[in-house]
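We did not get these values from a lab; they are worked out from the coordinates using the rules stated. Predicted, not measured: the structure shown is a model, and the values here were computed from it. Neighbour counts are summed over all protein chains in view; Cβ atoms, including those assigned to glycine, are modelled from backbone coordinates with ideal geometry.
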Amino acid sequence: MAIFVDQNTKVIVQGLTGGQGKYHGLRNKAYGTQIVAGVTPGKGGTDVEGIPVYNSVAEAVKATGATASFVTVPPKAASAAILEAAGAGITFIVCITEGIPAQDEARTYNTLVRDFPKVRLLGPNCPGIISPGKCNIGITAGEIAQLPSAKGPNVGIVSRSGTLTYQALYELKQLGIGVSTCVGIGGDPVPGTSFIDCLREFQADPETHAIIMIGEIGGSAEEEAAEFIKANVTKPMSAYIAGVTAPAGKKMGHAGAIVSGGKGTAQGKMDALRAAGVLVGHNPTEAGSLMAGIVAGIVAGLS
Amino acid sequence: MDLFEYQGKQYFARYDIPVSKGDVAVTVDQAIAAADAAGYPVVVKAQVQVGGRGKAGGIKLANNADEVRTHAGNILGMDIKGHVVKRVWVENASDIAEEYYASFTLDRGAKKHLLMLSREGGVEIEEVAEKNPAAILMLHIDPVDGLPAAAAKKAAVDAKIPEAAQQGVADILVKLYRCFVEGDCDLAEINPLILKPTGEVHALDAKVSLDENAEFRHPEWAEFQATVELDARELLAREKGLQYIGLDGSVGIIANGAGLAMSTLDVVNQVGGSAANFLDIGGGANADVMAGALEVINSDKNVKSIFINIFGGITRGDEVAQGIVEALGRVDLRAPIVIRLDGTNAAEGRDILKNAGIPESKLTSKSTMLEAAEAAVALAK
C-alpha cells in the first residue's frame with residue numbers, strides 16, 4: 001500500500017515536449033513509473049523517446065486509460081492545463097509549476113472543488129509525490145528514497161517545502177528507514193492538497209507506521225494540522241518547521257496580520273505540534289533522529 | 001511588492017475608485033505646483049512604507065503655498081522609523097463625516113477571498129480587532145462567484161455602515177474587489193474609507209500589495225518596480241533574478257528552495273553563527289545562476305564565509321559545481337566557501353569540485369548540513 005499513487009497508476013505528462021517536462025518525465029519513467037503519454041497541443045502524433053504525444057488530455061486518456069497527470073507547463077498555461085486534465089477525467093493532478101499568480105490558484109482550486117469534487121490536485125509549486133519502488137511523479141530524485149520494507153515499520157512524509165522534502169527522504173535513507181509515500185504539498189498560498197488530506201490518508205494506510213511532517217513559517221496550515229492530529233492521528237509523528245530565524249518575511253499588511261491572528265511563526269507552529277503529541281526537531285536531521293527513535297520503539301514493540 | 005500610498009491611489013483610480021485630487025512631488029517646488037493644481041486646503045503626506053506617519057509629523061495640512069513650502073520642506077528628507085522620505089503626496093483636503101475600513105485579501109486557511117469591513121476606520125485595524133472584534137465584518141468570497149453588487153450591499157448593511165453611506169460603500173467594495181482580482185493584489189486596503197458631509201464615499205488612503213507572480217500580465221507595474229527601495233546587495237540580486245534578502249550576519253548563505261534556505265539560516269544560528277543573507281537560487285539553477293549568486297554574496301563586505309547548501313531536485317549537482325568553478329574563475333571571492341551538495345547528480349558535482357584543483361583554503365566540502373554549518377561558522381569567527 002501507499003497513498004494516492006502506486007505501481008498501477010498510469011500517468012500522462014502535460015508539457016512532456018518542454019525541457020523540464022522531458023527531463024523529469026523520462027526520469028520518472030526510468031524510475032519505473034507508468035508514464036503512458038505526453039500532451040502538448042499541436043504536437044500530437046509525435047513521441048518523446050517512445051512515449052506517444054497527444055494534442056489534448058482527452059485524447060491521451062482515451063488512448064491510454066491514464067488517471068494521473070504530471071503538469072509541467074509555464075505559469076501562464078498551468079491553470080488551463082489543470083482544468084483540462086480534470087475535465088478529461090484525470091483524478092490525480094501533480095503540478096510542479098512555480099510562479100502561478102495567487103488569484104489564478106484560488107480560482108482554479110475553487111473551480112475544482114465545485115465542478116470536479118473527486119479530483120485531487122497536488123501543488124502547484126511542489127516537488128511531487130513518490131511511493132518508493134512504485135511510482136514517482138515530479139522532480140524528486142528517486143534514488144534518495146528508501147524502499148519500504150514488507151514487514152515495516154515504514155514512514156510517510158508530508159512536506160510544504162521542496163528541498164526539505166528531499167532532505168527528509170535523505171535523512172531516512174541514511175537511517176535505513178523505509179518510506180511508504182512522500183508527498184510534497186508545495187508552499188504556495190492555495191495548495192490543492194493540505195497537510196490534513198495527507199495525514200488522513202497516512203493514518204488509514206496499513207503500510208505507513210509513522211509520519212514525518214515538514215512545515216515552514218507563514219499561514220496557519222501547521223496549526224490546523226496540529227488540531228487534526230490531536231483528534232485523528234494515532235500513529236507516532238516527528239516534525240520540523242523551517243524559519244525559526246527567518247526575518248519577518250513578505251508582510252501582508254494589517255489585514256494579513258489579522259487573518260493569521262498571531263499564527264504563522266515557527267515557534268507557534270512548533271508549540272501547536274508539540275501540544276498534539278508530535279516530536280519536533282530543531283533541524284531536519286534532528287527530526288530524522290527523532291523518527292529513528294520512534295521507529296526503534298515500533299520495532300521493539302513488534303518483536 | 002508593496003506600493004506607496006500615491007501609487008496605490010493611482011492604481012485605485014484605474015479601477016474608478018474615487019480618490020482625492022492630487023499629485024506626487026519630490027521637491028518643494030513640485031509640491032507647491034501639485035497643491036495649486038489640487039486646490040487648497042491640501043494635505044502633504046510623507047510617502048513611506050511604514051505605519052505611524054501622522055504621529056511622526058509626516059502628514060500636515062496646508063492652507064496656502066507658503067504653508068506647503070514649510071511642510072514639504074520639513075517632510076522631504078525626514079526620517080520616519082528608519083525610512084527616509086523621498087516623496088510627498090499632495091492632495092486636496094477632504095472634510096470627513098465618518099471613517100470606515102475595507103480590505104480584500106486571500107484567506108489561505110479557507111482558500112477563499114476575505115472581505116473585512118468595519119465602520120470603525122482610521123485607526124489600526126488590529127486595535128479594532130482586539131478591542132471590539134464584533135465591529136469587523138469578515139466575509140468569505142468564493143473566487144468563482146466573485147462579489148456581485150447585491151452581496152456588496154448586504155455586506156455594507158451587515159457591517160452596520162450608516163444607511164446614508166451604504167450604497168457608496170457597496171459601490172466602492174465592488175470596484176475594490178475588481179482591483180484586487182483583476183489587479184492581482186495580495187492586499188487591497190482602504191483605511192480610512194470616508195463619508196464626506198456631502199454624502200460621497202471616498203478612499204482617503206491606499207494600501208496595495210501586488211502579487212509579483214502576476215507581473216507578466218501587468219506591464220503597468222514597471223513604474224512601481226522603479227521605486228522599490230533596495231540596498232546595493234538587493235539591487236544586484238534583483239538584476240540577476242535571485243530571491244535575496246539582506247541580513248546583518250557574517251555567513252553568506254546560498255541554498256536552493258525557500259525551505260532549505262530558511263533551514264540553513266536556522267542551522268547556522270543554532271551552531272552560534274549569524275547569516276548575512278537569505279538567498280534562494282530556486283529550482284533549475286544552473287552555472288550562471290550560481291555564479292551570479294556568488295557575485296552578490298561577494299559584494300557584501302560583512303561576509304566572512306560562504307555556506308552553499310544544495311539539495312538537488314530540479315537543480316542538478318553537476319551544474320551547481322560547474323557554476324562554482326566558473327564563478328571562482330570570474331570573481332575573486334573574498335571569503336572561503338563551505339559546500340554541502342546532495343541529491344540529483346551530487347556525486348558528479350562533488351567530482352567536478354574535487355578535480356577543479358581549488359585549494360582547500362577556498363573551498364571545503366562537508367557531507368551534512370550541521371557539519372557544513374559548523375565549518376562555515378568557525379571560518380566566520
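Using a 10 Å cut-off around each Cβ, can you sort A:H24, B:H140, B:H202 from fewest to most neighbouring Cβ atoms? Mind dumping the intermediate values first?
Details: A:H24 26, B:H140 11, B:H202 19.
The order, fewest Cβ neighbours first, is B:H140, B:H202, A:H24.
Defining a contact as two alpha carbons under 8 Å apart and six or more residues distant in sequence, what relative contact order in percent does the stretch A:145-302 show?
25 percent
Which Rg and Dmax, in Å, describe the Cα atoms of the protein assembly as shown?
Rg, Dmax (Cα atoms, Å): 26.8, 89.
Once both axes come from the Cα atoms, what is the angle between helix A:75-87 and the longest principal axis of chain A, in degrees from 0 to 90, rounded to 10?
Roughly 80 degrees, rounded to the nearest 10.
Starting from the Cα gyration tensor of the stretch A:90-185, multiply each eigenvalue by 5, take the square root, and state the resulting semi-axes largest first in whole Å.
Equivalent ellipsoid semi-axes, largest first: 28, 15, 9 Å.
Roughly how far apart, in whole Å, are the Cα centres of the stretch A:189-218 and the stretch B:8-85?
Comparing the Cα centres of the stretch A:189-218 and the stretch B:8-85, I get a distance of 50 Å.
If you take the alpha carbon radius of gyration of the stretch B:296-381 and divide it by 2.2 N^0.38 Å, what ratio comes out, to two decimals?
1.02
Between the stretch A:65-100 and the stretch B:126-146, what's the alpha-carbon centroid distance in Å?
33 Å
Any idea what the relative contact order of chain B is, in percent, if you count C-alpha pairs under 8 Å spaced at least 6 apart?
Relative contact order of chain B: 12 percent.
Among DSSP bridges having both ends in chain B, what percentage is antiparallel? Round to the nearest 5.
70 percent
To the nearest 20 debye, what charge dipole does the protein assembly as shown have about its Cα centre, counting +1 at the Cβ of each Lys and Arg and -1 at the Cβ of each Asp and Glu?
Here the protein assembly as shown has a charge dipole of around 1140 debye.
For chain A, just run the numbers: alpha carbon Rg, then divide by 2.2 N^0.38 Å, N being how many residues it has.
Compared with the compact-globule rule of thumb, chain A sits at 0.99.
Can you tell me which lysines have their Cα less than 23 Å from the Cα of B:K86? Leave out same-chain residues fewer than eight positions away.
Within the straight-line cut-off, B:K86 pairs with A:K250, A:K251, B:K9, B:K21, B:K45, B:K55, B:K60, B:K207.
Where does helix B:346-355 land angle-wise versus the long Cα axis of chain B, in degrees 0 to 90, nearest 10?
On a 0 to 90 degree scale, this one is about 60.
What Kirkwood hydrodynamic radius do you get for the stretch A:145-302 when you take the inverse of the mean 1/r over all pairs of distinct Cα atoms, in Å? Don't skip to the end; give the middle numbers.
Values: mean 1/r = 0.0639 Å⁻¹.
Evaluated on the stretch A:145-302, it is 15.6 Å.
Just the Cα atoms of the stretch A:10-122, one point each, no solvent: what log10 I(q)/I(0) does Debye give at q = 0.14, 0.15, 0.23 Å⁻¹?
Per q value, in the given order, log10 I(q)/I(0) is -0.49, -0.56, -1.29.
Among B:Y40, A:Y31, A:Y240, A:Y109, rank each residue by its count of other Cβ atoms within 10 Å, from fewest to most, as a rough exposure measure.
B:Y40, A:Y31, A:Y109, A:Y240
Mind grabbing the base-10 log of I(q)/I(0) for the stretch A:151-229 at q = 0.14, 0.16, 0.28 Å⁻¹? Debye formula, identical points on the C-alpha positions, no solvent, two decimal places.
For the stretch A:151-229 at q = 0.14, 0.16, 0.28 Å⁻¹, log10 I(q)/I(0) is -0.43, -0.56, -1.41.
Just for chain A, what percent of DSSP beta bridges are antiparallel, to the closest 5?
Numbers: 9 of 46 bridges.
Close to 20 percent.
Given the convex hull of the Cα atoms of the stretch B:232-380, what is a quarter of its surface area in nm²? Intermediate values should be presented prior to the final figure.
Numbers: hull surface 28.4 nm².
Spelled out: convex hull of the Cα atoms, projected over all directions, averaged, 7.1 nm².
Would you kindly state the longest site-free stretch of chain B, with sites defined as GluC sites (Glu not before Pro) in a DSSP loop (not H, G, I, E, B) surrounded by at most 14 other Cβ atoms within 10 Å?
The answer is B:230-359.
By how many degrees, 0 to 90 and rounded to 10, does the Cα axis of helix B:65-75 deviate from the longest principal axis of chain B?
30 degrees
Suppose only helical runs count, i.e. DSSP H with n ≥ 4. What mean residue ellipticity at 222 nm does that imply for chain B under -39500 (n - 2.57) per run, divided by all residues and rounded to the nearest 500 deg cm²/dmol?
Helix contribution divided over all residues of chain B: -11500 deg cm²/dmol.
Given the rule -39500 (n - 2.57) for each run of at least 4 DSSP H residues, summed and divided by the residues of chain A, what is its mean residue ellipticity at 222 nm, to the nearest 500 deg cm²/dmol?
Values: 10 runs with 120 residues, N = 303.
Helix contribution divided over all residues of chain A: -12500 deg cm²/dmol.
What does the charge count around A:T285 come to, taking other residues whose C-beta lies under 11 Å from its C-beta (Lys +1, Arg +1, Asp -1, Glu -1)? Intermediate results must be reported in sequence, preceding the final value.
Working: positive: none; negative: A:E171, A:E286, B:E371.
Around A:T285, the charge tally is -3.
Given the Cα atoms of chain B, and with Rh set as the inverse mean 1/r over their pairs in the Kirkwood sense, what is Rg to Rh to two decimals?
Expressed as Rg/Rh, it is 1.08.
Could you let me know the centre-to-centre spacing of the stretch A:43-64 and the stretch B:221-290, using Cα atoms, in angstrom?
Rounded to whole Å, the Cα centres lie 40 Å apart.
Compute the relative contact order of chain A as a whole-number percentage, counting only Cα pairs closer than 8 Å that sit 6 or more residues apart in sequence.
Result for chain A is 14 percent.
P(r) of the stretch B:98-225 in 5 Å steps, Cα pairs, percent per bin?
2, 11, 21, 23, 20, 12, 7, 3, 0
Take every DSSP beta bridge whose two residues both sit in the stretch A:123-193, then give the antiparallel share in percent to the nearest 5.
Numbers: 7 of 12 bridges.
Within the stretch A:123-193, antiparallel bridges account for around 60 percent of the total.
Please report, to two decimal places, log10 I(q)/I(0) for the stretch B:28-183 at q = 0.09, 0.10, 0.14 Å⁻¹ as given by the Debye formula with identical point scatterers on the Cα atoms and no solvent.
So the normalised log intensities are -0.40, -0.49, -0.86.
What value does the stretch B:2-120 have for Rg/Rh, both radii from Cα atoms and Rh as Kirkwood defines it?
Across the stretch B:2-120, the Cα-based Rg/Rh ratio is 1.02.
Under 10 Å, Cα contacts only: if you run a Gaussian network model on chain A, which one of A:G123, A:G186, A:G176 comes out with the highest mean-square fluctuation?
Judging by the Gaussian network model, the answer is A:G176.
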